[in-house]
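Participant: I am attaching a structure below and will ask some questions about it afterwards.
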Amino acid sequence: MFIFTPRQIENNNWVIISPLISVIFTIIIGAFIFKILNYPVLESLYQVFVSPFSRPDRIADIFVKACPLIIIGIGLIFCFRANIWNIGAEGQFIFGTLCAGSFALLFPDNENKFILVLMFFVGFLGGAIWGSIPAILKIKLNVNEILVSLMLVYIAMLFIDYIVRGPLRDPMSFGFPLSKPYPDGAIISKIHFPGIGFLGQLHYGILSIFVLAPLAWFLINRTLPGFQIKVFGSAPKASNFAGFNKNKITFVVLALSGGMAGIAGVIEVSANMGKLQPEVSFGYGFTAIIVAFLGRLNPYGVIFAGVIIATAKLGADNAQMILGIPKVVTGIFEGVLLFFLLAGETIQNYKISFKRKT
Amino acid sequence: MENLLITILLTSIPILLAGTGELISEKSGILNLGVEGMMLTGAVSALGSVLILGNPYAGIFFGALAGILISFIFSFFTISLMTNQVATGLGLTIFATGLTGLIGEPFVGKTIPSLPKIEIIFFSEIPFLGAIFFKQDILFYIAISMIVLVHFFLIKSRFGIVLRAVGDNHESAHSIGYPVKKIRWICTAFGGMCAGMGGAYIPLVLTPHWSEGMTAGKGWIALALVVFASWLPFRLLLGALIFGGITILQFVGQARGWPFPSQFLNMLPYLVTIIALSLISIKTRAGNIYVPSCLGKSFFENN
């Protein structure tokens, strides 16, 4: 019989230790799963977790892959800290991308990079609008934001599908559901290192992380709204007593995280695709939930978490090519990782001792 | 007309089954967002077992069993380790989506035999209604009778009252000696079993082959359905039929050439879910007496 005793003092080291232990345990479980399914264990683990580091251009690609995850994850921190469950970042990503993309396509001959600034704005707005739908329904009617935000993912997916097959389809696309290519100004270019050249797909969009993460950290830790969000999430009664506006917090965190997902979408599509297509996101919005948790709801933590998860994603692509392991296997790792992280929170809050049943 | 009604009924069975299970687990205070994942697990297990054993009835058994087993993961974390139920449920769905994709990979492109229809003698002779209600497969009958059973179980039986007490106030239920955690484990397992059978229904009756993520959000709609039904079994049936009807509407629309793009018709189930949740919230804004008060809260057993 296990006995749980609440801890009086928080164990601060645990904040860093628990994600590390979780990752290690996840790899062990992964090894078991590979073993059961008869894949070569060491070779599989090498492909998934190590092979992405084997060449400089591959390392660069990790950051490219991590970029949308980190940006969405930073947005989700605000929601999860406020105990608001936005699980529809995928939809907010898609809708933000769609808005910004449609905007860019209005100026087909534009070569001025200033349009990117406007696209960030439009993308943020689009994502924020999509995120504020569950917020408004929750505030006005007390509708569960989990279900609404998720349903909006499916709606956004079908909507962009309609747009690129219908109104925005490029007549020159030979029947493929693609929009016209973005104007030159709307493309985020790849980073050219003098003397080395391009490193994988590394692009200037990555730099946004180094602006957004400190900004988010500052908002959460050094401003009143950030404080309100934390109190609202961890002690709703105290927050109510202090007179914090519950509706305002709900709206702001959902709109903000939606907007961040929109920005992630703008960067992802402007840097890597250069046009709209039915699939602009590959589950980034869902994966970012894990990234936010793995980063312990801390913007800097989320950067590390994004890199770890992106490594596994790229590694899974390699494993699929070389060993024929379906790349959905990353879903298993993500799920297991989340379980361990949550269990880690229990250990953080309770002392666990073992006693024979009497 | 007859065929249309049958199709609507059959389409609503997976969400009805999954919703019934979730209703019981929510009544005991456990919000399991892993329904989508448990349904996928049920679907892939059913399909795999039928491919190996050749008997569609094996699919029901293994679908239900797989649902129960995977619900244990959820129970272990949320009930024993008191983790956050929302996050754990999400984790379960993400985990199961990956796991079923991996397990289902070799099944792609293979077709399984459907569950045979069973005619119930005498009743199936009733004109019109007979063909709709009494010439169906066994899971159909199970799903419908489950609703009736769950209704009477919750309202009339002693166990039902204990279960509701655990969901409404786990502290009190514990202090008068009911094993809160054990009851929640059982209810969550029941939810897993029902979701597993609901998932199994998809390959066994509706589309007899595997595709990744084939539940397409049905688990989430089942969750919404429980809210929409205000935790009342018979309203669950009504809600499931409405959603079945809307799902079929898109095919009817496409077949009849309605002047809407197909994507908009496909949006309907999700859009209607949002609208239905909003409408029911307007209606019950004053407070819904059927909501289990301890829904989603972890129970800390103080020794």
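Participant: Relative to the longest principal Cα axis of chain B, at what angle does helix B:85-104 sit, 0 to 90 degrees, rounded to 10?
Facilitator: 40
Participant: List the accessible area buried at the contact between A and B, summed over both sides and calculated with a 1.4 Å probe, in Å² to the nearest 100.
Facilitator: On the way: alone 18200 and 14220 Å², together 28450 Å².
Interface area, both chains combined: 4000 Å², rounded to the nearest 100.
Participant: Between helix B:233-256 and chain B, what is the angle of the helix's C-alpha long axis to the longest principal axis, kept within 0 to 90° and rounded to the nearest 10?
Facilitator: 30
Participant: Which residues of the range B:213-231 show a drop of at least 30 Å² in accessible area when all protein chains are present, compared with their chain alone (probe radius 1.4 Å, heavy atoms only, ligands and nucleic acids excluded)?
Facilitator: Buried-area filter returns B:220.
Participant: How charged is the neighbourhood of residue B:131? Take every other residue with its Cβ under 15 Å from the Cβ of residue B:131, and add Lys/Arg as +1 and Asp/Glu as -1. Mind showing how you got there, number by number?
Facilitator: On the way: positive: B:117, B:135; negative: B:2, B:119, B:125, B:137.
That sum, taken over residues with Cβ under 15 Å, equals -2.
Participant: List the aspartates and glutamates whose alpha-carbon lies under 15 Å from that of residue B:218, not counting same-chain residues fewer than 8 positions away?
Facilitator: B:22, B:36
Participant: Which of the residues in the range A:82-105 show a loss of at least 30 Å² in accessible area from their chain by itself to the complete set of protein chains, at a probe of 1.4 Å?
Facilitator: Listed in order, they are A:85, A:87.
Participant: Give the distance, in whole Å, between the Cα centre of the range B:61-125 and the Cα centre of the range B:26-57.
Facilitator: 2
Participant: By how many degrees, 0 to 90 and rounded to 10, does the Cα axis of helix B:138-156 deviate from the longest principal axis of chain B?
Facilitator: 30
Participant: Place +1 on the Cβ of every Lys and Arg and -1 on the Cβ of every Asp and Glu in the range A:1-155, take the dipole about the Cα centre, and give the residue among A:101, A:62, A:79 whose Cα lies farthest towards its positive end.
Facilitator: It is A:79.
Participant: Where in chain A are the helices, taken as whole DSSP H runs, whose Cα atoms extend 18 angstrom or more along the long axis and whose Kyte-Doolittle mean reaches at least 0.0? Intermediate results must be reported in sequence, preceding the final value.
Facilitator: Details: long enough: A:14-36 (32 Å, 2.34); A:56-81 (36 Å, 1.40); A:89-105 (24 Å, 1.10); A:114-141 (41 Å, 1.93); A:145-165 (30 Å, 1.87); A:207-222 (23 Å, 1.64); A:246-272 (39 Å, 1.02); A:299-323 (35 Å, 1.14); A:329-349 (31 Å, 1.25).
Helices meeting the span and hydropathy rule in chain A are A:14-36, A:56-81, A:89-105, A:114-141, A:145-165, A:207-222, A:246-272, A:299-323, A:329-349.
Participant: Please compute the modelled spin-label separation between residue A:37 and residue A:196, points set 7 Å along Cα→Cβ, answer in nm with one decimal.
Facilitator: With each label placed 7 Å out from Cα toward Cβ, I get 3.4 nm.
Participant: Would you kindly state how much longer the chain becomes between residue B:252 and residue B:76 on full extension, computed as 0.36 nm times their sequence separation minus their alpha carbon distance, in nm to one decimal? Display every interim value, and only then the final one.
Facilitator: Working: separation 176, 0.36 × 176 = 63.36 nm, distance 4.39 nm.
Here the segment from residue B:252 to residue B:76 would lengthen by 59.0 nm.
Participant: Right, next: Rolling a 1.4 angstrom probe over the protein heavy atoms, how many square angstrom per residue are accessible across the protein assembly as shown? Before the final figure, lay out the partial values.
Facilitator: On the way: 28450 Å² over 661 residues.
With all protein chains present, the protein assembly as shown gives 43 Å² per residue.
Participant: Run the accessible area of the protein assembly as shown with a 1.4 Å probe and give the carbon-and-sulfur part as a rounded percent.
Facilitator: C and S atoms contribute 68 percent here.
Participant: Turning to a different aspect of this structure: Do the sum for chain B: with -39,500 (n - 2.57) for every DSSP H run of n ≥ 4, divided by all residues, what is the mean residue ellipticity at 222 nm, to the nearest 500 deg cm²/dmol? Can you show the working numbers first?
Facilitator: Values: 12 runs with 205 residues, N = 303.
Helix-only estimate at 222 nm: -22500 deg cm²/dmol.
Participant: In addition: Any chance you could check the range B:39-88 for residues losing 20 Å² or more of accessible area when the partner protein chains are in, compared with the chain on its own (1.4 Å probe)?
Facilitator: Correct list: B:77, B:81, B:82, B:83, B:84, B:86, B:87, B:88.
Participant: If I stretch the segment between residue B:176 and residue B:159 completely, what's the gain in nm (0.36 nm per residue apart, minus their alpha carbon distance), one decimal?
Facilitator: Values: separation 17, 0.36 × 17 = 6.12 nm, distance 1.46 nm.
4.7 nm is the gain from fully extending residue B:176 to residue B:159.
Participant: Right, something else. Rounded, prolate or oblate, given the Cα gyration tensor of the range A:206-258, with a/c below 1.5 counting as rounded?
Facilitator: prolate
Participant: Structure shown: which of B:181/B:297; A:140/B:283; A:140/A:230; A:35/A:327; A:65/A:190 lie over 19 Å apart, alpha-carbon to alpha-carbon? Working shown, then result.
Facilitator: Numbers: B:181/B:297 12 Å; A:140/B:283 13 Å; A:140/A:230 22 Å; A:35/A:327 16 Å; A:65/A:190 14 Å.
Cα-Cα > 19 Å for A:140/A:230; rest within.
Participant: Suppose only helical runs count, i.e. DSSP H with n ≥ 4. What mean residue ellipticity at 222 nm does that imply for chain A under -39500 (n - 2.57) per run, divided by all residues and rounded to the nearest 500 deg cm²/dmol? Working shown, then result.
Facilitator: Numbers: 13 runs with 237 residues, N = 358.
Here the helix-only value at 222 nm equals -22500 deg cm²/dmol.
The values are calculated or read from the model by the stated rules, or taken from the named source; none is laboratory data. Being a predicted model, the structure only gives us computed values, none of them experimental. Please note: Cβ atoms are built from the backbone with ideal geometry, for glycine as well, and neighbour counts cover all protein chains shown. The protein model used for the area step is the full one, side chains on, heavy atoms only, and it has no ligands, DNA or RNA in it. Shrake-Rupley method; radii C 1.70, N 1.55, O 1.52, S 1.80 Å.
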